[in-house]
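The values are calculated or read from the model by the stated rules, or taken from the named source; none is laboratory data. Predicted, not measured: the structure shown is a model, and the values here were computed from it. Quick reminder, even Gly has a Cβ in these numbers, built from the backbone with ideal geometry, and neighbours come from all protein chains shown.
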Amino acid sequence: MIVQISRTRIIQYAVIFFVTLALWIAIGFFVTQRIEDSAEGEVIVTFKFLAPMKPLAARDLVVERVDNGLQVPFTYNWITASTLQVKIPEKSYPRGQRYHYKFKSAPAMIWPFYVWASGEFQSQVKLRFVGIEASDTVPSRGPVILQFNTNVSPREIHNYVKGPVPGKLEPVKAHIEGKGSIFDYSRWLYWPGKKLRNLHRYSIEIKKGLPGESGTVLEESVKANFKTTPEFLIQQVFPKPGSDSVWLTRDILIEANQQLKSGTLSINGLPGRGEIKNNQIRFISHRVLMPGKTYKVKVHLISTSNETLDYEYSFTTTNLGNSKWLELKLDNSPALWLLEGNKTVKKMEIALKSNQLPIGTLYEQSRQTGTSKTTPGWMRLNADILLHSVPDNMSDNHQALGLPKTYSCIYLKEEDLALLINTLPQGFMLICH
């Protein structure tokens with residue numbers, strides 16, 4: 001059977017299709033928004049739809065900050081089936097942010113209509129100056145941190161802020177995890193062109209007319225006061241600058257008159273790092289100091305009040321001449337160095353019976369050369385420590401090996417033990433660290 005459709009009916013179907021398509025597009029992409037009057041700290045925006053919406057349509061709304069792309073929380077209320085009111089809290093600064101919104105297939109009450117509309121909105125916040133951050137502890141070299149309640153025009157602020165001395169202004173750079181860094185134009189750093197006096201009061205003037213990015217201006221001039229921190233000084237240095245005959249295990253420590261936030265401490269020719277505790281920085285060395293050597297110490301300190309301090313000095317260690325001695329380092333991979341003065345003769349791989357060895361300077365008390373392969377030689381230190389080898393296929397059984405009883409042992413290769421017995425003088429020194 002052949003179905004015949006008249007030309008008029010085809011036109012009617014086409015009109016219905018295109019009208020439906022036009023409605024589908026209009027309902028889906030045409031949404032109006034209006035910013036309502038509200039107190040600072042809250043943004044209220046009302047969305048108007050062309051069709052009545054299902055209540056769950058609000059769950060398909062996503063609101064993000066334009067500057068950093070982060071999604072923001074909001075509450076909502078359906079005033080009518082086609083009117084949705086959204087409230088966004090702005091608890092922190094800057095306020096008056098620009099937001100991007102998007103409805104993701106939000107369902108209307110009439111099938112098959114959905115809303116995919118998107119756009120941007122921004123509330124107009126009256127610009128005001130909040131204050132100077134930590135105004136009683138401002139670093140003498142800056143920065144002075146100026147906080148506004150909303151973003152300030154970066155092109156105009158330099159014409160409206162006058163510091164106690166000529167300087168520069170720059171916005172604070174904020175790091176957003178996963179997004180990188182952005183500028184916060186509500187927080188500004190004033191860097192004075194020269195060091196300010198410590199423990200002195202200054203003021204910054206912010207002139208009326210300063211424009212904000214949301215369209216408002218500062219209505220009254222403001223004079224904000226701040227106080228600089230005490231002078232950042234070195235109180236004590238160990239060892240003292242210019243010292244000579246400094247012992248090889250001497251602690252290297254610098255103490256300041258303020259709590260430390262961060263810092264670096266480096267010593268030429270000595271690997272290690274600085275460790276900060278309260279107002280002190282201590283050098284944690286990977287090796288002991290070498291004898292008869294002048295060390296130059298460089299330190300860069302930053303106090304908790306952001307004062308900076310650079311300091312350099314030098315000292316000289318005890319001169320041992322060409323005396324032969326040992327250095328023992330205890331860690332996950334213990335090592336022993338045979339040295340002549342400040343020159344390394346050999347680095348030796350060793351094993352320890354226990355890591356519970358005394359830290360400090362030890363001396364040899366007695367020694368014995370080996371009498372056979374199964375009776376190794378040994379060297380005994382004070383604190384009851386024995387250096388010896390263990391023959392292949394044998395355990396550290398002192399009675400079986402003919403060794404004296406001791407508190408702990410340092411195990412060496414046979415050839416290394418022989419080198420030490422033949423090289424080191426009676427009563428030699430071992431420094432353990």
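Could you list, in sequence order, all residues of segment 57-71 that are in a helix (DSSP H, G or I) and buried (at least 16 other Cβ atoms within 10 Å of the Cβ)? Those that are in a helix (DSSP H, G or I) and buried (at least 16 other Cβ atoms within 10 Å of the Cβ): Ala57, Ala58, Asp60.
Against the conditions (1) surrounded by fewer than 17 Cβ atoms within 10 Å (Cβ to Cβ); (2) of a type in the set (Gly, Ala, Ser); (3) touching a residue at least 60 places away in the same chain (Cβ under 8 Å), where does Ser303 fall short? Just the number, please. Just one mismatch for Ser303, condition (1).
Listed by first and then second residue, the pairs with beta-carbon distance under 6 Å, at least 6 apart or on different chains, first residue in segment 179-194 and closer than 23 Å to Arg98 by Cβ and in contact (Cβ under 8 Å) with a residue 60 or more places away in the chain, second aliphatic (A, V, I, L, M) and part of a strand (DSSP E or B), are Ile182/Ala174; Asp184/Val172; Asp184/Ala174; Tyr185/Val152; Arg187/Val172.
Taken over segment 117-138, the criterion of being part of a strand (DSSP E or B) and out of contact with any Leu (no Cβ under 9 Å at 6 or more places or on another chain) is satisfied by Ser118, Gly119, Glu120, Phe121, Gln122.
Per-residue answers, yes or no, for (1) assigned by TED's automatic domain parsing to the domain that holds Phe183; (2) farther than 30 Å from Asn149 by Cα; (3) at pLDDT 95 or above; (4) aliphatic (A, V, I, L, M):
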residue	(1), (2), (3), (4)
Thr46	no, no, yes, no
Leu50	no, yes, no, yes
Met53	no, yes, no, yes
Val66	no, no, no, yes
Thr80	no, yes, yes, no
Ile88	no, no, yes, yes
Ser92	no, no, no, no
Ser105	no, yes, no, no
Ala108	no, yes, no, yes
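Inside segment 164-224, counting only strands (runs of 3 or more DSSP E) that do not spill past its ends, which hold 2 or more residues that are surrounded by 13 or more Cβ atoms within 10 Å (Cβ to Cβ) and within 21 Å of the chain's Cα centre (by Cα)? Walk me through how you get there before you give the answer.
Numbers: elements: 167-176, 180-192, 201-206.
Result: 167-176, 180-192.
Within the set Thr32, Thr8, the sole residue that is surrounded by fewer than 16 Cβ atoms within 10 Å (Cβ to Cβ), of a type in the set (S, T, N, Q) and either at pLDDT 90 or above or within 13 Å of Ala108 (Cβ to Cβ) (or both) turns out to be Thr32. Restricting Tyr114, Tyr101 to residues that are modelled with pLDDT of 90 or more and either among the polar types (S, T, N, Q) or under 30 Å from Thr150 (Cβ atoms) (or both) narrows the list to Tyr101. Selection of segment 95-132 for residues being free of Cβ contacts under 8 Å to residues at least 24 places away in the same chain and either touching a His at 6+ places or on another chain (Cβ under 7 Å) or among the hydroxyl-bearing types (Ser, Thr, Tyr) (or both) yields only Ser118.
Being touching a residue at least 12 places away in the same chain (Cβ under 8 Å) and closer than 25 Å to Asp310 by Cα is the requirement here; does Thr229 meet it? Considered against the rule, which asks whether it is touching a residue at least 12 places away in the same chain (Cβ under 8 Å) and closer than 25 Å to Asp310 by Cα, Thr229 comes out as yes.
Beta carbons closer than 8 Å, at least 6 apart along the sequence or on distinct chains, pair a first residue in segment 72-88 that is part of a loop (DSSP other than H, G, I, E, B) with a second that is at pLDDT 95 or above and of a type in the set (Val, Ile, Thr) for Val72/Val63; Val72/Ile88; Pro73/Ile88; Phe74/Val63; Phe74/Val86; Phe74/Ile88.
From the list Gly263, Gly321, which one is without any contact (Cβ under 8 Å) to a residue 40 or more places away in the chain and part of a strand (DSSP E or B)?
One residue alone meets the criteria, Gly263.
With the structure loaded, tell me whether Asp244 is loosely packed, with under 15 Cβ neighbours inside 10 Å, in contact with a Ser or Thr (Cβ under 8 Å, 6 or more places away or on another chain) and under 30 Å from Thr316 (Cα atoms) or whether it fails that test. When the stated conditions are applied, Asp244 passes them.
Before we move on, is Asp331 closer than 26 Å to Leu352 by Cβ, out of contact with any strand residue (DSSP E or B) (no Cβ under 9 Å at 6 or more places or on another chain) and at pLDDT below 95? Here the answer is yes, as Asp331 does meet what is asked. Return yes or no: is Asn278 without any contact (Cβ under 8 Å) to a residue 24 or more places away in the chain and either under 36 Å from the mean Cα position of the chain (by Cα) or within 24 Å of Lys413 (Cβ to Cβ) (or both)? Yes.
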